[in-house]
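Below is one structure, written out as structure tokens; the observations come after it.
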């Protein structure tokens, strides 16, 4: 029995694809402005490129595995999103702290909590769990 993706799951997948796009853009901009970033601080250029690549790879792999309905995509997405949010807040509070960045901190905190709760709740919805269990059982039966 093949179940379709719920609207909530599709929205989560599109959000992960947007996160992957932002990661790729961060990597691309780090490469495009490498000379300027390296003049300011050499580790900044490397850090921004690596963090963009990690964000893009993690978000894209979670989105594609959710789309395919792979059984291991739920823990990957759950831990990946938790890791990305922890990384974002550590980076924001420890590395790039300035007066300007603190202006919208309450909004960013609220948005982070909403996105995190949405992700965790979507992965726990019965329709989503059926989508993954049916796909996993189908993969085991067919050997794919």
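Here are a few things to note about the model shown:
- Near pairs, Cβ below 6 angstrom, 6+ apart or cross-chain, from region 20-37 (under 12 Å from residue 49 (Cβ atoms)) to any residue that is at pLDDT below 95 and not in a helix (DSSP H, G or I): none
- Residue selected from region 4-35 under the condition part of a loop (DSSP other than H, G, I, E, B) and surrounded by 16 or more Cβ atoms within 10 Å (Cβ to Cβ), by the criterion modelled with the highest pLDDT: 6
The values are calculated or read from the model by the stated rules, or taken from the named source; none is laboratory data. These numbers were taken from a predicted model, which means no experiment stands behind them. All Cβ positions, even for glycine, are placed from backbone atoms using ideal geometry, and neighbour counts span all protein chains on display.
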